[in-house]
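Working notes, beginning with the structure itself.
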Amino acid sequence: MSLKEVIKKDNFVIHLYEKIAVSTENILHFENGDFILDTGTFIYKKQTGLAALKDLYRDFDPGEFDFKALQGQFCVLLYKNKKLYIWNDYFGIYHLFTDDQCRIVSSSFLAVVRQQKTKQINRQAMYEYVCEGASYSDDTYIKGVKLLDAFNIHELGLKVSTWRKKYMFEPAKANDYDTRIELTVESLIDYFDTLKKCFGNNACSALSGGYDSRLILALLSKVEMDPHLYVYGADKSADVRVATGIAAAENLSILHDSKTRGKLSLEQFQEITQKEYFYCDGHGPNGVISNGAEFDARTVRSDAADLQLNGGGGEIFRNFWKLPDRPISIAAFLKSRFDHLPATTFKAGFDRGIYLSNLQIKIQHMLEIDSPVLMRMDLERLYVYMRIKYWMGYNTSIQNLRCYALIPLAEPVFAYPSFSIPFKHKEMGAFEAALIKRLNPKLAAYNSSYGYNFSDRPGRKAAFANSLQQNLPVSAQRLLRKLKYSSSALEMPYFLQQQYIDAVVPEKGLLSNEYFNLENIRDPLMLSRLQTVNLVLSDPF
């Protein structure tokens, strides 16, 4: 990345960097010394660039500003009347990191880590990251480094002041099924029309065998944007077979990448790990230990189109958690989803009860509730505030280094109405399938990796399996997850074997090994994340 501009005032310095693959107009200066800038993918009043920044500067009042006209996943820095304000998108999907005193704020985790005098493990957040792929409630696995609070607009200075973000959501007056479908389709088309206006005719998106990427493709087709499609996986995998079949039938080109690569020498592995370390910013669901295929894939995708779309988030229209339509205690929810690793995974210092209790406190903080029980609406909100923000938000934030990148279906304009969609319409993807069918009946009629199409209702066999899964007692769900993990017995990729790890992780970086029994970890991504923590602690590059 190249340094675009340095802004110096009496009490702060800002370093603004250009995207790697796209030129941007993202900073506007005024004659009185004020300025406004954005990073990420920023839209205001259906426009982007300098026009959007000018309007936002004029309209902004920290105590009254309505986020409804803001779209995208982004950061804004605004200097007005000798006050410096910073905020990110409404749900905080574009990640900003800071320290305990808010002395430094950056879109880079490693940049803030390197400002710490010492690097110490945040034990709870480290367990979350290694076991689940993300740390929650704005923590990171390094003490003193956290995500900037996304509930608020921040005025930076010797004393940090905050204003609660406001989004004036107006519930639809009509709640019948057909009207909900029509209103949602209208809103989706309007949003994608805005994307076309702001970023041009080309967009890059995955196409798999599932709902979400099919919905994105239907929307791109509806507004006549040119899709650059890709699919990952083995040649005979369901996703690849379905995606390539659809592309062929629709006369669309699609890039298939199995992500297999020839075996790297130790020297090549060291070079790739260094690239991944900085590009992946020392964290992420996959960690940074790999064969370099993901780095290659991101580069290819950003070269194909300036705008990258992630279909993830479509689960707002489905029953993501696979739980029945009734209240559930947070403790039971955590047992069903976050308590599947056997005790032998951990060293003696791990206390499962404390770990789950801390996660319960974090869920209450994320949802801003005191109750130990989750109502249905809480579960719907938790998908956005926990899964999308912390797990998916990372990928979009990283891709924004190279080009524009979005999770369109995570926008508040779609998420808020989705919270109140009746449970029966979310079961087995009925609502999302109806959206696809309404937008493009031909696309909906193609088969999926689930074994049925999105035009007809799933058969009795699929419906029975779905009902059985979501109505299993929590204890049975937990047991099944444990059995699935224990029986996986996956052979670790060669680059996670000790010879390769020793080539990049110095001995002094093995602090996190005090917490896990490495020989009992069966998940390659979990082991990659653990070694990523080791890398950040030792910082060898």
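Quick note: the coordinates plus some simple rules give every number you see, no bench work behind them. As the structure is a computational prediction, the values presented were derived from the model and not from experiment. Cβ placement follows ideal geometry from the backbone for every residue including glycine, while neighbour counts extend to all protein chains displayed.
Out of Ser336, Ser418, Pro408, whose Cα points farthest toward the positive end of the dipole of segment 300-429 (charges: +1 Lys, Arg; -1 Asp, Glu; placed on Cβ)?
Checked the options; the winner is Ser336.
Applying 1/(1 + (r/R0)^6) with R0 = 45 Å to the Cβ-Cβ distance of Lys442 and Gln270, what FRET efficiency is obtained, to the nearest 0.05? Each step should come with its number before you reach the end.
On the way: r = 49 Å, r/R0 = 1.09.
Once the sixth-power term is evaluated, E becomes 0.35.
Can you give me the Kirkwood hydrodynamic radius for segment 141-186, using every pair of distinct Cα atoms, in Å to one decimal? All intermediate terms of the calculation are to be shown ahead of the outcome.
Numbers: mean 1/r = 0.0680 Å⁻¹.
This gives a value of 14.7 Å.
For segment 494-538, just run the numbers: alpha carbon Rg, then divide by 2.2 N^0.38 Å, N being how many residues it has. Display every interim value, and only then the final one.
On the way: Rg = 9.6 Å, N = 45, 2.2 N^0.38 = 9.3 Å.
For segment 494-538, the normalised Cα radius of gyration comes out at 1.03.
Simple spin-label model, 7 Å along Cα-to-Cβ: Lys159 to Ser357 in nm?
Output for this residue pair reads 3.6 nm.
Would you order His95, His29 from fewest to most other beta-carbon atoms within 10 Å of each residue's own beta-carbon?
Numbers: His95 28, His29 13.
Going from least to most buried by this count: His29, His95.
Among Ala348, Leu16, Val6, whose Cα sits farthest toward the positive end of the charge dipole of the chain (+1 at Cβ of Lys/Arg, -1 at Cβ of Asp/Glu, about the Cα centre)?
Ala348
How do Trp87, Trp321 rank when sorted from fewest to most other Cβ atoms within 10 Å of their own Cβ?
Working: Trp87 28, Trp321 18.
Lowest to highest Cβ neighbour count: Trp321, Trp87.
Obtain the nm distance between the two label points defined at Asp178 and Asp34 by a simple spin-label model: each point lies 7 Å from its Cα along the Cα-to-C-beta direction.
Roughly 5.0 nm, to one decimal.
Going by amide H atoms built from the backbone, whose H comes under 5 Å of the H on Thr162, apart from near neighbours?
HN-HN under 5 Å from Thr162: Glu155.
Of all the C-alpha pairs in the chain, what % are more than 30 Å from each other?
Details: 75290 of 146070 pairs.
Roughly 52 percent, once rounded to a whole number.
Relative contact order, percent, of segment 494-538 when contacts are C-alpha pairs under 8 Å separated by at least 6 residues? If you can, show how the numbers build up before the last one.
Details: 28 pairs, mean separation 24.1, N = 45.
Once normalised by length, the contact order is 53 percent.
Provide the descending list of Cα extents for segment 338-479 along its principal axes, expressed in whole angstroms.
Projected onto its principal axes, the Cα set of segment 338-479 covers 56, 42, 31 Å.
Give the Kirkwood hydrodynamic radius (Å, one decimal) of segment 87-181, defined as one over the mean of 1/r across all pairs of different Cα atoms. If you can, show how the numbers build up before the last one.
Values: mean 1/r = 0.0648 Å⁻¹.
Result for segment 87-181, one decimal place: 15.4 Å.
Please report the spacing between the Cα centers of segment 323-354 and segment 176-200 in Å, no decimals.
38 Å
Using only DSSP helix segments of four residues or longer, with each worth -39500 (n - 2.57), what per-residue ellipticity at 222 nm results for the chain after dividing by its residue count and rounding to 500? Could you put the intermediate results ahead of the total?
Values: 20 runs with 211 residues, N = 541.
Only helices count here, giving -11500 deg cm²/dmol.
What span do the alpha-carbon atoms of segment 230-290 cover on each of the three principal axes, reported in whole Å from largest to smallest?
That works out to 43, 23, 18 Å along the principal axes.
From the cross-link list Lys259/Lys322; Lys196/Lys275; Lys165/Lys362; Lys166/Lys222; Lys119/Lys146, which pairs have alpha carbons spaced over 22 Å apart?
Details: Lys259/Lys322 30 Å; Lys196/Lys275 32 Å; Lys165/Lys362 20 Å; Lys166/Lys222 31 Å; Lys119/Lys146 13 Å.
Result: Lys259/Lys322; Lys196/Lys275; Lys166/Lys222 exceed 22 Å.
Consider a paramagnetic label point 7 Å from the Cα of Arg326 along Cα→Cβ; state which residues of segment 440-478 have an amide N under 12 Å from it.
Zone members listed by number: 471-474.
Is there a quick way to get the dipole size of segment 494-538? I mean about its Cα centre, with the Cβ of Lys and Arg at +1 and of Asp and Glu at -1; what is the value in debye to the nearest 20? Display every interim value, and only then the final one.
Values: 3 positive and 5 negative charges, 25 e Å.
So the magnitude is around 120 debye.
Taking H placed 1.01 Å from N in the peptide plane, check which residues at least 5 places from Asn319 or on another chain put their amide H under 5 Å from its amide H.
Met428, Gly429
If you filter segment 1-83 for chymotrypsin sites (Phe, Trp or Tyr not before Pro), then keep DSSP loop positions with at most 12 other Cβ within 10 Å, what is left?
On the way: sites: Phe12, Tyr17, Phe30, Phe35, Phe42, Tyr44, Tyr57, Phe60, Phe65, Phe67, Phe74, Tyr79; in loops: Phe30, Phe60, Phe65.
Within segment 1-83, the qualifying chymotrypsin sites (Phe, Trp or Tyr not before Pro) (loop, at most 12 other Cβ atoms within 10 Å) are Phe30.
What helices in the chain pass both tests, a Cα length along the helix axis of 20 Å or more and a mean Kyte hydropathy of 0.5 or higher, using whole DSSP H runs? Let's see the in-between values first.
Details: long enough: 177-199 (33 Å, -0.11); 352-367 (23 Å, 0.14); 474-488 (21 Å, -0.49); 524-538 (21 Å, 0.93).
Both cut-offs are met by 524-538.
Once label points are set 7 Å from the Cα along Cα→Cβ at both Ser371 and Lys54, what is their separation, rounded to one decimal in nm?
Spacing of the two 7 Å Cα→Cβ label points: 4.9 nm.
Would you order Cys280, Cys198 from fewest to most other beta-carbon atoms within 10 Å of each residue's own beta-carbon? Let's see the in-between values first.
On the way: Cys280 25, Cys198 20.
Listed from fewest to most nearby Cβ atoms, that is Cys198, Cys280.
Between Leu468 and Lys9, what length comes free when the chain is fully extended (0.36 nm per residue of separation minus the Cα-Cα distance, one decimal in nm)? Provide the component values of the computation, followed by the final result.
Numbers: separation 459, 0.36 × 459 = 165.24 nm, distance 6.16 nm.
Full extension from Leu468 to Lys9 adds 159.1 nm.
Using amide H atoms built in the peptide plane, which far-off residues or other-chain residues are under 5 Å from Asn122 H to H?
Ile142, Lys143
Assigning unit charges at the beta carbon (Lys, Arg +1; Asp, Glu -1) and nothing else, what dipole magnitude in debye, to the nearest 20, does the chain show about its Cα centre?
So the dipole magnitude of the chain works out to roughly 1040 debye.
Kindly provide log₁₀ I(q)/I(0) values, in the same order as q = 0.20, 0.23 Å⁻¹, from the Debye equation applied to equal alpha-carbon scatterers of segment 31-149.
The calculated log intensity ratios at q = 0.20, 0.23 Å⁻¹ are -1.08, -1.26.
Using a simple charge model, +1 on the beta-carbon of Lys and Arg, -1 on the beta-carbon of Asp and Glu, nothing else, what dipole does segment 1-69 show about its Cα centre, in debye to the nearest 20?
Working: 9 positive and 12 negative charges, 52 e Å.
Result for segment 1-69 is approximately 240 debye, rounded to the nearest 20.
With loop defined by DSSP as not H, G, I, E or B, and exposure as at most 16 other Cβ atoms within 10 Å, which is the longest segment of the chain clear of exposed GluC sites (Glu not before Pro)? List each step's numbers first, then the result.
Numbers: sites that count: Glu18, Glu25, Glu31, Glu64, Glu224, Glu368, Glu491.
That would be 65-223.
Counting pairs of alpha carbon atoms under 8 Å apart in space and at least six apart in sequence, what relative contact order in percent does the chain give? Write out the running numbers ahead of the final one.
Numbers: 897 pairs, mean separation 93.7, N = 541.
This gives 17 percent for the chain.
If I take the Cα coordinates of segment 231-344 and project them onto the principal axes, what are the three extents in Å, biggest first?
For segment 231-344, the Cα spread along each principal axis is 50, 45, 30 Å.
In vacuum, with every alpha carbon of segment 426-541 counted as one equal point scatterer, what does the Debye formula give for log10 I(q)/I(0) at q = 0.16 Å⁻¹? Two decimals, please.
-0.83
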